[in-house]
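Undergrad: One structure follows; several queries about it will come next.
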Amino acid sequence: MSRAGIDAIEIWTGKLQLDLPRTFAPVKGSDPQKYLKGIGIEYSSLPDVYEDIVTMGANAAKQLLDKEELAPADIGRIDVATESSFDNSKPVSTYIAGCLESVYESNFTHANKGERKFACLSGTQAIDDAYNWIQAGRHRGKPALVIATDTALYERGDPGEATQGAGAIAMLIDEDPDIVSISHSQGYGSADETDFLKPNQQFPSVDGKRSVQVYLARMREALADYESVAGKTHPDAFAAVPFHTPFPGMVRKAALLGYRHTIRNTDIEDDLASDIGTQPRRNEFDSNSEFDAEMRTYMDGLKQTEAYQEWYADRIEPTIQFARQVGNWYTGSVHIARYSALHSAATAGDSLSGEQLLVGSYGSGAEAEIHVETVQPNWKSAIESVTFAESLASRYDLSFEEYERIHDVHNAQKETEVEPFTNPDGEFIFTGWGRMNERRYEYRPRQSGNAS
């Protein structure tokens with residue numbers, strides 16, 4: 001079986017930003033530390049008037065194709081993962097393909113196109129589809145283009161409003177990849193849940209407390225399932241552990257749970273026993289309530305140990321740095337976490353070639369997937385070629401009044417006319433609706449004198 005995985009990436013962020021501790025918090029009467037330390041988000045990325053999931057996805061894809069010197073005819077399939085789709089029939093991939101074909105001489109006529117939906121998990125599922133397509137030998141030597149694109153907006157006043165975000169990540173999936181190869185083994189945890197859903201509505205219905213419980217339960221199941229086919233995991237075996245990151249505070253919970261699971265019956269558990277004891281085992285207790293109480297006590301102690309805090313600082317903290325700056329990107333979230341970890345390592349000059357990442361993806365409804373990725377020799381140059389950090393610095397900083405107006409623009413139930421806050425420059429933009437209520441797009445060439 002050949003190696004297959006992520007060969008190249010590009011990222012497009014919504015061009016507006018909302019400063020949570022300094023702009024959002026004062027209006028809400030909240031302590032700024034609620035966002036900085038609790039939720040863990042400083043800025044949310046939001047789309048300008050002319051941006052949506054198609055423009056962001058198409059812009060990320062164009063950056064990727066141009067960088068890799070590829071044309072539409074070189075691509076064998078396009079899969080778009082989103083939970084912000086606006087059409088129940090025509091997939092977003094066809095809109096993005098149409099945008100790209102308008103600026104290239106070739107087309108995607110012979111590329112398979114699709115749209116994946118399983119909440120935030122579908123970005124990883126689309127990568128899985130491309131991986132399987134390559135391994136089955138059906139790709140004709142061509143790579144797949146996987147795009148995760150979302151506008152994660154919540155109804156005004158909803159607790160989730162502080163976790164909003166918008167952006168797209170385009171990934172080239174190919175044989176002999178430059179960034180990471182993906183393990184053949186995978187683990188899954190799935191159940192019929194109603195923790196987060198959008199039944200024919202734009203803004204989600206969320207049971208926040210239940211959603212946290214479901215996230216952790218499915219991750220635990222997926223990790224156990226992965227170990228059943230790939231063998232026992234150990235926390236020191238992975239250079240980083242990127243999780244789906246609806247907000248960094250959620251990752252803190254998942255990381256502690258994962259660490260507890262992976263140190264069970266290891267030298268680490270034995271070394272910590274003199275300070276916090278060994279992990280409670282269910283068969284040692286007469287009732288679930290007694291077991292749960294003892295486990296909570298153990299987890300509280302584990303979180304305070306030097307061993308855990310060092311592991312978290314090394315393996316988890318680097319994965320959430322960009323999530324702090326953009327908020328939740330739904331289907332792109334775990335892929336931003338992977339990029340964040342690799343970008344941090346490249347900046348620090350770390351040598352990761354041959355190291356492994358343990359990737360935990362999750363989608364409400366609900367399912368989690370665990371797989372392992374191996375960092376490839378050319379990873380550093382591939383990561384350093386991504387200009388995401390620079391684009392974050394150029395976002396327009398919204399006042400709260402401006403935020404209210406742009407939120408209304410993207411609320412499908414409202415008709416609001418607002419002038420754009422930024423000028424489109426070398427990018428695709430939304431221009432209005434066609435005769436069958438389809439969305440229309442065009443490319444705005446880069447203005448003379450601007451850097452390419």
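The values are calculated or read from the model by the stated rules, or taken from the named source; none is laboratory data. As the structure is a prediction and not an experimental result, all values here were calculated from the model. Positions of Cβ are generated from backbone atoms using ideal geometry, with glycine treated the same way; all protein chains shown enter the neighbour counts.
Undergrad: Looking only at region 116-133, count how many residues are assigned to a helix (DSSP H, G or I), surrounded by fewer than 24 Cβ atoms within 10 Å (Cβ to Cβ) and among the hydrophobic types (A, V, I, L, M, F, W, C).
TA: Within region 116-133, residues that are assigned to a helix (DSSP H, G or I), surrounded by fewer than 24 Cβ atoms within 10 Å (Cβ to Cβ) and among the hydrophobic types (A, V, I, L, M, F, W, C) number 1.
Undergrad: Checking the conditions here, which among Ala307, Ala237, Ala273, Ala323 is farther than 20 Å from Ala217 by Cβ, within 24 Å of the chain's Cα centre (by Cα) and surrounded by fewer than 19 Cβ atoms within 10 Å (Cβ to Cβ)?
TA: Sole residue among the options that is farther than 20 Å from Ala217 by Cβ, within 24 Å of the chain's Cα centre (by Cα) and surrounded by fewer than 19 Cβ atoms within 10 Å (Cβ to Cβ): Ala237.
Undergrad: Would a scan of region 189-202 turn up a residue that is assigned to a strand (DSSP E or B) and in contact with an Asp or Glu (Cβ under 7 Å, 6 or more places away or on another chain)? Break it down into steps so the answer makes sense when it comes.
TA: Step one: list which residues in region 189-202 are assigned to a strand (DSSP E or B), which gives 189-190, 196-197.
Of the ones still in play, those that are also in contact with an Asp or Glu (Cβ under 7 Å, 6 or more places away or on another chain) are 189-190.
Yes, some residue in region 189-202 is assigned to a strand (DSSP E or B) and in contact with an Asp or Glu (Cβ under 7 Å, 6 or more places away or on another chain).
Undergrad: Further question: Restricting region 174-188 to residues that are touching a Lys or Arg at 6+ places or on another chain (Cβ under 9 Å) and either of a type in the set (A, V, I, L, M, F, W, C) or outside any strand (DSSP E or B) (or both), which is nearest to Cys120 (Cα to Cα)?
TA: Within region 174-188, the subset touching a Lys or Arg at 6+ places or on another chain (Cβ under 9 Å) is 174-177, 179-182, 188.
Retained after the next criterion (residues that are either of a type in the set (A, V, I, L, M, F, W, C) or outside any strand (DSSP E or B) (or both)): 176-177, 179-180, 182.
On the way: Asp176: 27, Pro177: 24, Ile179: 22, Val180: 21, Ile182: 19 Å.
Only one residue tops the list, namely Ile182.
Undergrad: Would you list the strands (runs of 3 or more DSSP E) that sit entirely within region 1-86 and hold 3 or more residues that are under 29 Å from Glu317 (Cα atoms) and of a type outside the set (S, T, N, Q)?
TA: Strands (runs of 3 or more DSSP E) meeting the threshold: 4-13, 16-19.
Undergrad: So if I check each of Ala240, Ala230, which one is hydrophobic (A, V, I, L, M, F, W, C) and either modelled with pLDDT under 95 or out of contact with any helix residue (DSSP H, G or I) (no Cβ under 9 Å at 6 or more places or on another chain) (or both)?
TA: Ala230
Undergrad: Only one of Glu415, Glu404, Glu373, Glu390 is surrounded by fewer than 16 Cβ atoms within 10 Å (Cβ to Cβ), modelled with pLDDT of 95 or more and either not in a strand (DSSP E or B) or not polar (S, T, N, Q) (or both). Can you tell me which?
TA: Glu404
Undergrad: Taking region 420-443 only, how many residues are under 20 Å from Ser89 (Cα atoms) and touching a Lys or Arg at 6+ places or on another chain (Cβ under 7 Å)?
TA: So the answer is 4.
Undergrad: For the structure I just gave you, tell me whether Ser228 is surrounded by fewer than 19 Cβ atoms within 10 Å (Cβ to Cβ), more than 30 Å from Pro72 (Cβ to Cβ) and of a type in the set (S, T, N, Q).
TA: Numbers: surrounded by fewer than 19 Cβ atoms within 10 Å (Cβ to Cβ): yes; more than 30 Å from Pro72 (Cβ to Cβ): yes; of a type in the set (S, T, N, Q): yes.
Answer is yes for this residue.
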